[in-house]
Amino acid sequence: MRRMFRPEFRMPIVVFLCLVLGALSTSPFSGYLWAVGIFIGLGKIVWDSFGKIRRGAYSLDYIAFLAMVVSLFADQYLAGAVVALMITGGESLDEYASARAESALRGLAERIPKSCLVRMSDGSTIQKPIQDVREGEVIIIRPNELVPLDGTLRSSEALLNEANLTGEPLPITFSRGTFIKSGNVNVGETIEVSVEGGFETSTYMRIVHLVDEAKKHQAPVVRLAERVNFPFTAITLLLAGGAYALTGEISRALAVLVIATPCPLIIAAPVAFIGGLSRAARKNIIVKRPATLEELSHVGVVFFDKTGTLTLGEPRLSAIEAHDTRRSETEILSIAAAIEFHSIHPLARATLTARTARNAPLLEAKNVVETIGRGIAGDVSGSRFTITKSPVHATGGIILSLLENDREIASLRFEDEIKNNVSALFRSLHKEGVKMEILTGDKSENAERLFGHFGIPIRADQTPETKFAAIDEMKKRNIVVAMVGDGLNDAPALAEAQVGIVFSGTENSAAIEAADAVILGRDVMLIVELFDTARRAMRVAAQSIWGGVAFSVIGMAIAALGFIPPVWGALTQEVIDVVVILNSLRAARG
């Protein structure tokens with residue numbers, strides 16, 4: 001019951017009450033009640049048309065407007081009120097679907113800290129809104145906090161996760177004096193940063209503003225119903241005008257206009273797309289706007305982010321190389337896990353996950369000492385072990401050395417991993433004739449090592465700005481673009497693409513706000529499911545639209561010959577609408 005009184009349904013409810021009360025009334029005032037409903041419908045069309053014209057768009061409601069005006073002059077108030085109900089009710093469905101999907105998503109700036117800890121000149125600290133922090137002030141970033149402002153590192157070292165900005169999942173160590181960008185996450189100990197610039201000029205906010213600009217200048221898509229509307233309008237005016245010119249009976253022209261009221265065009269697509277939204281939601285996909293499904297059906301190229309989208313986006317222990325033949329890989333893993341148990345480093349978590357997965361024995365470490373950026377050491381089974389970054393360069397990953405009493409006994413390699421079914425995803429999209437490219441902020445050798453064998457073009461070392469530019473370039477060639485990503489660095493590209501698709505596995509509010517569809521979870525095959533849902537919804541909508549138009553044209557021809565009066569014409573249109581709606585509901589199946 002609460003949903004019925006949502007703002008978008010209030011107008012059709014009022015028109016419906018006018019229609020019912022007028023029908024039940026035995027007084028002469030029944031016509032006035034129907035007239036009220038007509039004027040509500042006319043006001044709705046005028047208001048919506050004004051907004052559409054300002055955006056350079058067109059309305060589908062001109063026939064309905066003409067039908068209601070003629071019904072007033074012909075004293076056919078009931079027929080006009082029925083048309084008003086169809087118009088207000090049809091558009092409410094589209095508005096409801098959009099509002100319902102939007103309510104499931106978070107705001108753009110949700111992840112930005114609202115305040116930060118500032119160290120004063122006397123050594124004390126104070127909490128200040130980040131907008132009030134000035135250049136030169138020193139801010140304190142605690143473990144697992146997002147760096148809110150750009151600045152220079154004052155601490156001796158910092159361990160930061162740059163996945164938000166570059167997509168690289170492995171943390172990086174920074175030394176004193178290094179410039180640090182906002183948007184990174186501190187995964188080490190508490191650090192201090194001397195602020196450079198301010199909130200509005202920070203790296204994070206530049207990305208946010210880029211997202212906002214992309215959304216403002218998004219090119220409108222010519223929808224199927226709009227393309228059908230023009231020939232349909234021409235046929236309607238020809239039949240209505242011809243009937244009136246030949247007979248002089250305005251009721252015949254009104255009957256044609258009432259039957260021609262473009263409700264199949266207005267209702268068919270929203271109902272089919274709402275069904276598609278429901279089908280997608282059952283598959284853990286939130287589509288923000290019904291029109292997104294229509295746009296998806298026209299996509300010619302899909303750009304993929306790499307880290308967190310096609311890969312798991314977190315380090316995994318991929319290999320153990322024993323340099324001491326007296327110790328097995330299992331024993332080495334147990335020793336490393338015993339020491340790393342005392343660390344919060346992402347590689348430590350990966351080591352513990354690997355020990356559990358391989359069911360290696362659980363050992364205990366004592367006297368553990370960790371130096372952020374240098375390594376961690378502890379006593380295990382009577383020996384002193386140290387884990388530190390290997391001096392050996394790792395192509396596409398990180399190598400840690402395990403030392404026993406300062407002698408290297410093993411190497412542990414950590415890499416990002418490709419998600420399951422990525423190969424099936426590429427095959428499915430290729431089969432549908434969709435071109436694909438990978439845009440990643442990661443190094444070229446890493447991306448080529450993971451995805452080079454798929455034969456898909458790869459653009460590495462991409463920034464949020466260059467990803468944005470790549471999509472803009474493709475759009476200028478009149479190609480409909482979809483972007484699939486998961487992090488802050490993808491947000492501008494997601495907003496610039498006609499269809500942005502984001503994986504919602506982490507705290508990535510900016511990406512979610514910029515996207516048109518949100519996939520809950522990590523399964524890449526849900527992208528194929530989304531495309532299939534869009535094509536099915538579009539196919540059903542097209543069948544409903546063309547079928548409804550065909551029935552309407554037949555009805556108009558009969559009305560022009562004088563066999564259908566205006567009120568029966570309105571009821572005939574209602575029957576056509578019911579048929580269209582029932583057919584459109586098929587989009588929700590599956």
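The values are calculated or read from the model by the stated rules, or taken from the named source; none is laboratory data. Predicted model, so just to flag it, every value in this text is computed and none were measured. When we count neighbours, we look across all protein chains shown, and the Cβ atoms used for this are built from the backbone with ideal geometry, even at glycine.
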By my count, strands (runs of 3 or more DSSP E) wholly in the stretch 144-203 with at least 2 residues that are touching a Leu at 6+ places or on another chain (Cβ under 7 Å) and modelled with pLDDT of 90 or more are 191-195
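If the requirement is being at pLDDT 85 or above and outside any helix (DSSP H, G or I), which of these qualifies: ILE554, ILE527, ILE558, ILE564?
Result: ILE564 is the single residue among ILE554, ILE527, ILE558, ILE564 that is at pLDDT 85 or above and outside any helix (DSSP H, G or I).
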ALA559 fails exactly one of (1) over 37 Å from the mean Cα position of the chain (by Cα); (2) surrounded by fewer than 18 Cβ atoms within 10 Å (Cβ to Cβ); (3) not charged (D, E, K, R), namely (2)
Being within 30 Å of VAL480 (Cβ to Cβ), out of contact with any strand residue (DSSP E or B) (no Cβ under 6 Å at 6 or more places or on another chain), small (Gly, Ala, Ser) and modelled with pLDDT under 80 narrows ALA234, ALA268 down to just ALA268
So, first residue closer than 13 Å to SER544 by Cα in the stretch 268-284, second residue crowded, with 24+ Cβ neighbours inside 10 Å and of a type in the set (Val, Ile, Thr), Cβ within less than 6 Å, six or more apart or across chains; the pairs are ALA268/ILE545; ALA268/VAL580; ALA272/VAL540
Exercise for review: Check the stretch 285-293 and report whether any residue there is under 30 Å from ARG413 (Cβ atoms) and surrounded by 24 or more Cβ atoms within 10 Å (Cβ to Cβ).
Suggested key: no
For the stretch 120-133, pairs from a residue that is touching a residue at least 60 places away in the same chain (Cβ under 8 Å) and under 12 Å from PRO148 (Cα atoms) to a residue that is of a type outside the set (Gly, Ala, Ser) and part of a strand (DSSP E or B), with Cβ under 9 Å and 6 or more apart or across chains, are ILE130/CYS116; ILE130/ILE139; VAL133/CYS116; VAL133/VAL118; VAL133/ILE139; VAL133/VAL195
Report task. Report yes if ASP532 is free of Cβ contacts under 8 Å to residues at least 60 places away in the same chain and buried (at least 17 other Cβ atoms within 10 Å of the Cβ), otherwise no. Result -> yes
